[in-house]
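Step one of this worksheet: look at the structure below.
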Amino acid sequence: MSDKKPVGLHEQGVDVPYERLDPETLRNVIEEFVTRDGADWGDAGGTLEEKVGQVMQQLRSRKIKIVFELNSETANIVVNR
């Protein structure tokens, strides 16, 4: 089965203010993000705790944001544009 989406079908995302998430849920989202296969954290070094701290700092400074994708029902962390 192909992972490709049909032409014209776009993900619809909803920004999720990180402050409104339960702290445990927020940590789980961040941990999943930094440990995800293909994540660009492999060369960054540091412990899981340090990586989580870096993501939290970027969320606080609004450099990145959490988006919930409605079609796939998944959360992702993306650059805030």
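Side notes on the structure shown:
- Qualifying residue in region 53-64 (condition: surrounded by 11 or more Cβ atoms within 10 Å (Cβ to Cβ), modelled with pLDDT under 90 and among the small types (Gly, Ala, Ser)): no
- Where a residue in region 23-36 is under 11 Å from residue 51 (Cβ atoms) and its partner, wherever it lies, is in a helix (DSSP H, G or I), with Cβ under 6 Å and at least six apart: 30/52; 30/55; 34/51
The values are calculated or read from the model by the stated rules, or taken from the named source; none is laboratory data. Here the structure is a predicted model, which is why all the values come from computation and not from measurement. Here the Cβ is made from the backbone with ideal geometry for all residues, glycine too, and neighbour counts use every protein chain on show.
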